1. Which length gain, in nm to one decimal place, applies between Ser293 and Leu83 when the Cα-Cα distance is subtracted from 0.36 nm times their residue separation?
2. Given Lys96/Lys131; Lys62/Lys96; Lys131/Lys304, which pairs have Cα atoms separated by over 28 Å?
3. Order the peptides 229-237, 118-126, 246-254 from the highest to the lowest mean number of other Cβ atoms within 10 Å of their residues.
4. Can you tell me which aspartates and glutamates have their Cα less than 20 Å from the Cα of Lys132? Leave out same-chain residues fewer than eight positions away.
5. Using the Kirkwood radius built from alpha carbon pairs, what does the Stokes-Einstein equation give as D for the chain at 20 °C and 1.002 mPa s, in µm² per second?
6. Mind checking which of Pro181, Ala205, Ser69 is farthest towards the positive end of the chain's charge dipole, using Cβ charges of +1 (Lys, Arg) and -1 (Asp, Glu) about the Cα centre?
7. Quick one: helix 122-132 against the long Cα principal axis of the chain, what's the angle to the nearest 10°, folded into 0 to 90?
8. In degrees between 0 and 90, to the nearest 10, how far off the longest principal axis of the chain does helix 21-33 point, with axes built from Cα atoms?
Amino acid sequence: MAESVSSAYALGMQPHRIPSLNWLRVFDAAARHQSFASAGRELNMSAAAVSQQILALETYLKKPLFLRSANKVRLTLEGNEFLPTIQVSLRAIEAKSASLFPRRDVERVSLVASQLMAMSWLPRRLTAFEKKHPSVRVDLITEDSQRNGEPDLAIRFDYVMTTREHPGWLMGISHVVVGQPQDVERITTAEAVMDYKLLDVRSHAVGWNTLLSRYPGISDTSALTVESVDTTPLALMMVKEGSALALVPWPAAQNLVEALGLTVCNTLPAIPGLGNYYIEQFSGHGVRPVIRSLFNELRRSSQKS
């Protein structure tokens, strides 16, 4: 590619120049509003200044882009074909600029968490935190996502950790049975679960066999249909879409359960889980006050769960 460009210059050929970015921004606003005056209000310009910028672009392109009337303007055929390309390009530039060069008045904190925490427990807490701190944005990253460098904070789950004395302890878990409200209402005895498909999450140490071992004879029956799925969110979506029951960690899954309109079956009491969630801060990032604030806020919120 570099060789082709160099050859073009050597032959005296000039690459086609792109119109002024400012002209294109004004064109975009005028096309969206179908009004030079409205575009001017959006861009903090006068209608006359908008008209001048549009005229400069039309002169450069040697084609009219608007049909002008007394009270409004509308796009010509060429203007209508030109607009989508300009809008896609401008939005791509804006999005990439915001990602690579965030404004200095917005402080960003990166937080890594499991898929379940990212989809269930965290969104409500992070939204509340950002409302209290309008200049802060929390970038939530799931554990399996590719990323550059260490995050500021991470929420981990450890099967080995059994104590609440860890300085970043968030919550332990219990496993509860969850189903659609109409299904849960029919389950008045443990034997009633045999009428449903039962979903286990492969990575969990506690499953249906553990829970049903409390009820002699049920776990050994061939009438039980137990299937394994990869994640808790997937199990809950399957419950939402069909007659199935899932055994899920609580309170980590609580918000997702509520959002899907599911309910906990109290006929089968919760069974204690193994391990705990905890939050850790990476020391290599220094001690920014906002990181510590989020750390403490999530810990306080977990104690209310």
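1. Extra length from Ser293 to Leu83 when fully extended: 71.1 nm.
2. Exceeds cut-off: Lys62/Lys96.
3. 246-254, 118-126, 229-237
4. Asp105, Glu107, Asp152, Glu297
5. Using the Kirkwood radius from Cα pairs, D works out to 87 µm²/s.
6. In the chain, that residue is Ser69.
7. The angle comes out near 50 degrees.
8. So the inclination is approximately 70 degrees.
Each reported figure results from applying straightforward, stated rules to the coordinates on display, with no laboratory input. Every value quoted in this text rests on a predicted model; they were computed, and no experiment measured them. A quick note on method: Cβ atoms are made from the backbone with ideal geometry, for glycine too, and the neighbour counts reach across all protein chains shown.
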